[in-house]
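The values are calculated or read from the model by the stated rules, or taken from the named source; none is laboratory data. Note that the coordinates shown come from a computational prediction; the quantities given were computed from them, not determined experimentally. Counting neighbours? That spans all protein chains shown, and the Cβs are built from the backbone with ideal geometry, glycine included.
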Ligand SMILES: Nc1ncnc2c1ncn2[C@@H]1O[C@H](COP(=O)(O)OP(=O)(O)OP(=O)(O)O)[C@@H](O)[C@H]1O
Ligand SMILES: [Mg+2]
């Protein structure tokens with residue numbers, strides 16, 4: 001289980017690093033095996049920063065992250081490899097995860113070199129083909145190609161395939177669905193559903209409320225780096241208590257209504273109430289900032 005305890009991130013900003021930006025502020029939640037948690041918030045709310053801290057790509061400024069009871073900041077050497085064996089991420093910008101001078105499938109062959117040196121070439125090939133099929137990629141379409149010869153969606157699915165090869169326990173998926181076209185999206189959503197059934201814990205980072213509602217067991221609503229509301233997805237979506245969550249939900253266009261019938265709330269709805277105090281429990285598995 002992944003436990004996030006009151007983490008914050010302060011970035012140094014400005015030309016001489018004298019400024020400070022509190023991108024994440026006192027965030028706590030958990031991801032259990034077989035559970036999908038969606039981390040929802042608008043652009044700049046700190047979602048990717050939280051994902052990066054979980055993957056140790058950037059240190060936490062305050063608070064701690066524990067995996068199976070151990071603080072990940074203290075994990076070193078072999079144990080760190082073990083951590084990455086269990087926890088992997090697929091990031092928003094898939095191009096940044098590839099080195100343009102190497103073929104894209106190097107991300108898969110490196111898994112063998114690092115974690116499965118004893119597996120025979122034939123067995124490894126079979127494993128790769130299985131994992132590519134699982135993410136709806138046709139092996140000849142992607143193997144042997146350079147990153148610039150593949151689409152963003154293909155590169156992203158290659159990274160999910162890489163995570164599958166490792167048989168991970170927790171996947172941090174940062175905007176992985178939003179980049180895909182409708183038919184591939186269904187395939188990848190179904191794949192995530194299957195993996196969840198097999199016990200994978202998934203942190204799904206998204207700005208897409210409908211997606212968060214569709215797939216997740218728990219939802220964490222983030223605003224300006226702070227949690228405004230969190231809890232069981234059904235509670236947060238059916239009975240939103242914070243004005244910000246309410247405004248967000250009201251702004252989702254309804255496909256069964258004509259645009260003119262349901263004018264979405266304007267920007268001011270989002271700024272109307274800035275009550276972001278400590279989280280207060282308002283029901284079973286339902287917490288709201290400032291108990292609005
Ligand atoms: N390395 C960095 N140095 C300084 N500031 C950063 C850095 N990375 C992110 N930020 C800032 O931290 C804030 C949160 O960024 P983050 O990428 O976590 O947002 P996000 O919720 O993932 O947004 P999006 O939906 O646009 O991906 C933003 O204001 C961003 O400009
Ligand atoms: Mg992001």
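What the table shows:
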{"read-out": "Given (1) in a helix (DSSP H, G or I); (2) under 30 Å from residue 248 (Cα atoms), index of the condition residue 64 fails", "value": "(1)"}
{"read-out": "Flag if residue 21 is within 14 Å of ligand 1 (Cβ to nearest atom) and surrounded by fewer than 18 Cβ atoms within 10 Å (Cβ to Cβ)", "value": "yes"}
{"read-out": "Scan of segment 109-149 for residues that are exposed (fewer than 12 other Cβ atoms within 10 Å of the Cβ), under 19 Å from residue 84 (Cβ atoms) and under 28 Å from the mean Cα position of the chain (by Cα), ordered by number", "value": "113"}
{"read-out": "Within segment 173-209, tally of residues that are within 25 Å of residue 235 (Cβ to Cβ), in a helix (DSSP H, G or I) and touching a residue at least 24 places away in the same chain (Cβ under 8 Å)", "value": "6"}
{"read-out": "Condition broken by residue 78, with the remaining ones in (1) over 17 Å from the mean Cα position of the chain (by Cα); (2) assigned to a helix (DSSP H, G or I); (3) surrounded by 13 or more Cβ atoms within 10 Å (Cβ to Cβ) satisfied", "value": "(3)"}
{"read-out": "Residue within segment 5-12 that is in contact (Cβ under 8 Å) with a residue 60 or more places away in the chain and touching a helix residue (DSSP H, G or I) at 6+ places or on another chain (Cβ under 7 Å) present", "value": "yes"}
{"read-out": "Residue check for residue 65: within 20 Å of the chain's Cα centre (by Cα), free of Cβ contacts under 8 Å to residues at least 40 places away in the same chain and more than 13 Å from ligand 2 (Cβ to nearest atom)", "value": "no"}
{"read-out": "Matching entry among 87, 27 (being away from ligand 1 (no atom under 13 Å from the Cβ) and surrounded by 15 or more Cβ atoms within 10 Å (Cβ to Cβ))", "value": "87"}
{"read-out": "Selected residue [assigned to a loop (DSSP other than H, G, I, E, B) and out of contact with any helix residue (DSSP H, G or I) (no Cβ under 6 Å at 6 or more places or on another chain)] from 212, 144", "value": "144"}
{"read-out": "Boolean, residue 95 is closer than 30 Å to residue 123 by Cα, modelled with pLDDT under 95 and within 13 Å of ligand 1 (Cβ to nearest atom)", "value": "no"}
{"read-out": "Looking only at segment 160-179, and only at residues there that are more than 16 Å from residue 198 (Cβ to Cβ) and within 16 Å of ligand 2 (Cβ to nearest atom), the one that is modelled with the highest pLDDT", "value": "172"}
{"read-out": "Residue match in segment 215-226 (condition: surrounded by fewer than 22 Cβ atoms within 10 Å (Cβ to Cβ), part of a helix (DSSP H, G or I) and either at pLDDT below 85 or within 16 Å of the chain's Cα centre (by Cα) (or both))", "value": "yes"}
